[in-house]
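**Q** Attaching a single structure in structure tokens format; questions to follow.
The values are calculated or read from the model by the stated rules, or taken from the named source; none is laboratory data. All of these numbers come straight from a predicted model, not from anything done at the bench. Neighbour counts are summed over all protein chains in view; Cβ atoms, including those assigned to glycine, are modelled from backbone coordinates with ideal geometry.
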Amino acid sequence: MIKKIIEHKRIKPLLKSFIFAFNGLKHIFKNHRNARIILIVGILVLISGIYLRLSRIEMAIIVVVCGMVLIGEIFNTMVEDITNLITDSKFHPIAETVKDMSAAAVLLASVLSVLIGIIIFIPRIIVLWH
């Protein structure tokens, strides 16, 4: 029964799309250290949020900013890989600038997430110390 549902004309392409997406996630976490670091830090931040009993809205904000950084890292990796493919990994000043801008986007997302984390976590941590 389930096999027939999966084989359906509309379900099969959708299922393949999910498989491709999960393959991309598997690749990024297997081959790119920064993505693994971002994932681990994100999980630790979420666990900290649960421990500190953040509100639902605060947790939602934390999830969004952690996701923003990870998505930024995925796009940065894509830009770097595509740039290397196009330039055959040879130096080109425009390629260098494109890679730098892509890395800057991840840096900005990371800094913003830290600032948001400070705004949300510091008051909770202060309460724990008193």
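**Q** When you go through (1) touching a residue at least 24 places away in the same chain (Cβ under 8 Å); (2) over 30 Å from residue 123 (Cα atoms); (3) buried (at least 16 other Cβ atoms within 10 Å of the Cβ) one by one for residue 75, which number turns out not to apply?
**A** (3)
**Q** Quick one: in the stretch 106-123, which of the residues that are buried (at least 16 other Cβ atoms within 10 Å of the Cβ) and not β-branched (Val, Ile, Thr) is farthest from residue 51 (Cα to Cα)?
**A** Once the filter is applied, the top-ranked residue is 109.
**Q** Determine whether residue 115 is aliphatic (A, V, I, L, M), assigned to a helix (DSSP H, G or I) and at pLDDT below 95. Write out each step before concluding.
**A** On the way: aliphatic (A, V, I, L, M): yes; assigned to a helix (DSSP H, G or I): yes; at pLDDT below 95: no.
When the stated conditions are applied, residue 115 does not pass them.
**Q** Right, something else. Within the stretch 89-115, count every residue that is touching a residue at least 12 places away in the same chain (Cβ under 8 Å) and among the hydroxyl-bearing types (Ser, Thr, Tyr).
**A** Residues meeting the conditions: 3.
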